[in-house]
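One structure is given below, encoded as structure tokens.
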Amino acid sequence: MLKQEITVGNFLNHYDNPYAELIHIACKYDSSIHLAYETKRINAKSIMGIMSFQIPESSNVVLEADGPDESEAIHAISDYLNCKVGVA
């Protein structure tokens, strides 16, 4: 299992449909992927979890991934939340 703490960028205003795009990225990977903020921990592949998560800009979030492609998943989601990449 890999964990990485990141500071969230302004991804909500950077993408057309930010929550759907986040889930789209997470679902590309076989690993289980979770986001943790304060007392909440949600599945990054769940639309209901992501919508209820409401990640504020500039907050510190812990990304967790466990599985065969966990490193790639952590990097892709980290880049997305920091507005470093677009979605193909």
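The values are calculated or read from the model by the stated rules, or taken from the named source; none is laboratory data. Here the structure is a predicted model, which is why all the values come from computation and not from measurement. Virtual Cβ from ideal backbone geometry, glycine too; neighbours counted across all protein chains shown.
Would you check if Pro68 is closer than 20 Å to Met1 by Cβ, loosely packed, with under 13 Cβ neighbours inside 10 Å and either out of contact with any His (no Cβ under 8 Å at 6 or more places or on another chain) or touching a residue at least 12 places away in the same chain (Cβ under 8 Å) (or both)? Outline the logic, then answer.
Details: closer than 20 Å to Met1 by Cβ: yes; loosely packed, with under 13 Cβ neighbours inside 10 Å: yes; either out of contact with any His (no Cβ under 8 Å at 6 or more places or on another chain) or touching a residue at least 12 places away in the same chain (Cβ under 8 Å) (or both): yes.
So Pro68 fits the description; yes.
Listed by position, the strands (runs of 3 or more DSSP E) inside region 1-47 whose residues that are aliphatic (A, V, I, L, M) number at least 2 are 2-7, 32-37.
From the residues in region 6-23 that are more than 15 Å from Asn82 (Cβ to Cβ) and within 10 Å of the chain's Cα centre (by Cα), which one is surrounded by the fewest Cβ atoms within 10 Å (Cβ to Cβ)?
Quick first cut of region 6-23, residues more than 15 Å from Asn82 (Cβ to Cβ) only: 16-17, 19-20, 23.
From the residues that got through so far, the ones that are within 10 Å of the chain's Cα centre (by Cα) too are 19, 23.
Numbers: Tyr19: 17, Ile23: 20.
In this case the residue turns out to be Tyr19.
The combined condition, being at pLDDT 95 or above, of a type in the set (A, V, I, L, M) and in contact with an Asp or Glu (Cβ under 7 Å, 6 or more places away or on another chain), is not fulfilled by Leu35. The single condition among (1) without any contact (Cβ under 8 Å) to a residue 60 or more places away in the chain; (2) farther than 18 Å from Met1 by Cβ; (3) in a helix (DSSP H, G or I) that Ser58 does not meet is (3). Pairs linking a residue in region 23-34 that is over 14 Å from Pro68 (Cα atoms) and touching a residue at least 12 places away in the same chain (Cβ under 8 Å) to a residue that is among the aromatic types (Phe, Trp, Tyr) and surrounded by 14 or more Cβ atoms within 10 Å (Cβ to Cβ), with Cβ atoms under 9 Å and 6 or more positions apart or on different chains, are Ile25/Tyr80. Scanning region 46-62 for residues that are modelled with pLDDT of 90 or more and either surrounded by 19 or more Cβ atoms within 10 Å (Cβ to Cβ) or among the acidic types (Asp, Glu) (or both) returns a single hit, Val61. For Lys3, the conditions (1) of a type outside the set (A, V, I, L, M, F, W, C); (2) in contact (Cβ under 8 Å) with a residue 40 or more places away in the chain; (3) surrounded by 13 or more Cβ atoms within 10 Å (Cβ to Cβ); (4) out of contact with any strand residue (DSSP E or B) (no Cβ under 6 Å at 6 or more places or on another chain) are fulfilled apart from (4).
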